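Below is one structure; the comments refer to it alone.
The values are calculated or read from the model by the stated rules, or taken from the named source; none is laboratory data. Every value quoted in this text rests on a predicted model; they were computed, and no experiment measured them. Don't worry about glycine lacking a Cβ; one is built from the backbone with ideal geometry, like all the others, and counts go over all protein chains shown. We work out accessible area using only protein heavy atoms, side chains counted, and drop any ligands, DNA or RNA first. Shrake-Rupley method; radii C 1.70, N 1.55, O 1.52, S 1.80 Å.
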Amino acid sequence: MDRYIHTTCPYCGREAKVKAEDDYGEKKVVHCDLEDSGCDKYFVADITVFFNVRPLKIEGEDADVS
């Protein structure tokens with residue numbers, strides 16, 4: 001599964017799309033593409049992967065836990 005994140009260039013504010021390849025986190029060098037209206041500079045995207053889990057009740061389940 002290919003996962004992409006969107007970040008902004010710290011120099012010009014242009015949005016950049018970066019492929020996230022690690023399951024935990026990584027640092028990737030990103031080129032702000034001049035052909036895509038960027039500033040032609042390189043910057044580092046510090047990617048952190050995390051999970052957000054929210055338990056949900058199932059309707060009809062007994063609320064009495066013994």
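Accessible surface ranking for H31, H6, 1.4 angstrom probe, highest first: H6, H31. Measuring nothing but how far apart in sequence close Cα pairs (under 8 Å, 6+ apart) lie, relative to its length, the chain scores a relative contact order of 24 percent. About its Cα centre, the dipole of the chain is roughly 340 debye, where the only charges are +1 on Lys and Arg Cβ and -1 on Asp and Glu Cβ. Couplings for segment 41-55, taken from phi via the Karplus curve 6.51 cos²θ - 1.76 cosθ + 1.60 with θ = phi - 60°, read 9, 9, 8, 9, 9, 8, 9, 10, 9, 9, 10, 10, 10, 10, x Hz in order; Gly and Pro are left as x.
For I47, the residues whose amide H sits under 5 Å from its own are E26, K27, K28, ignoring neighbours fewer than 5 places away on the same chain, with H placed 1.01 Å from N. One way to sum up the overall shape of the chain is the equivalent ellipsoid from its Cα gyration tensor, whose semi-axes run 41, 13, 10 Å, largest first.
Within the chain, what is the number of lysine pairs with alpha carbons under 27 Å apart, leaving out pairs fewer than eight places apart on the same chain?
Total qualifying Lys-Lys pairs in the chain comes to 8.
For the chain, the solvent-accessible area of protein heavy atoms averages 92 Å² per residue (probe radius 1.4 Å; ligands and nucleic acids excluded).
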